[in-house]
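Below: one structure, written as structure tokens.
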Amino acid sequence: MHHAWQRLLGHERYKPNAVSFLEFGRRRYKQVRFPSVAEARRVESILRSTHGSGLFPVLIHRLESTLWVRFVSGEPLDVDDPEHLDAVYGFFAALYAQQPRRIDVADADLRDRLRTHIETLEEVNWIDADRAQRLLQLAVDLEPASVWVGLEYIDSLRKNLILAESGVVGIDVEAAWESQLLGIGLAKARLRWLDRPAGPILERLVELGGPDLHEQYGYAHLVFLAQYGVQSLFRGKAGQVPTSAFDALLSEHGR
């Protein structure tokens, strides 16, 4: 009923994948039908390149726009459990260590998009003119000369991660994306459920073998908030990025 009401208001779900589960010989499999063959191939490529890492379910087969992966059993994450928490950090460290590459920030196609997102949030009165100007200046101040890009898990909600015997697994396979600004998935997790300071997390990621994101995380955090804010706005979910999230970021950097 909620989804029907959202459609009547003109808000699309933008969740075009159809997911179902199959059982053969007491083994369970997940079937994901994508809106296009190209999208299925994109995810297939990532699952094949990360095979054996334990980050995502094992790919069984792709036929046109449909993927089948091995079902992963596990338990929900408990952020109050130190072992669960460190397993989450292990997931992000291993994810970011898969295929990182450092590029000039001017080649990352970030600057103009970030400005457009902040200006759009001001246009719709989500943030006032003063906040918008401070955020635009913060974008300039935080922008590093170069950034790490690589494999990200862009929909890092707690429900899309489970703790299996091998560690944390990202079960929403379509949320894996290549050539992304590293840190945006971590920023989403921190906004939605992983209520922990960024500094100790970034230090732990380095200890676990991930790239050092200290220099770019503030910028990635701002890029994520602005992008997620605009996305949530047009999907009719404005409450997912409260103004307080922008205020906290400004305050953190003395703005």
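The values are calculated or read from the model by the stated rules, or taken from the named source; none is laboratory data. None of these values were measured; they are calculated from a predicted model. For neighbour counting, all protein chains shown are included, and Cβ atoms are generated from backbone atoms with ideal geometry for every residue, glycine included.
Things worth noting here:
- Any hit, segment 186-207, residues being under 30 Å from residue 65 (Cα atoms), buried (at least 20 other Cβ atoms within 10 Å of the Cβ) and without any contact (Cβ under 8 Å) to a residue 60 or more places away in the chain: yes
- Just one of the listed residues (138, 202) is at pLDDT 95 or above and farther than 18 Å from residue 79 by Cβ, namely 138.
- Sole exception among (1) over 19 Å from residue 230 (Cβ atoms); (2) more than 15 Å from the chain's Cα centre (by Cα) for residue 172, by number: (2)
- Residue within segment 99-111 that is at pLDDT below 95 and aliphatic (A, V, I, L, M) present: yes
- Of all residues assigned to segment 133-146, at least one qualifies as being surrounded by 14 or more Cβ atoms within 10 Å (Cβ to Cβ), touching a strand residue (DSSP E or B) at 6+ places or on another chain (Cβ under 6 Å) and of a type outside the set (Asp, Glu).
- In the condition set (1) within 19 Å of residue 116 (Cα to Cα); (2) in contact with a strand residue (DSSP E or B) (Cβ under 8 Å, 6 or more places away or on another chain), residue 211 is compliant with all but (1).
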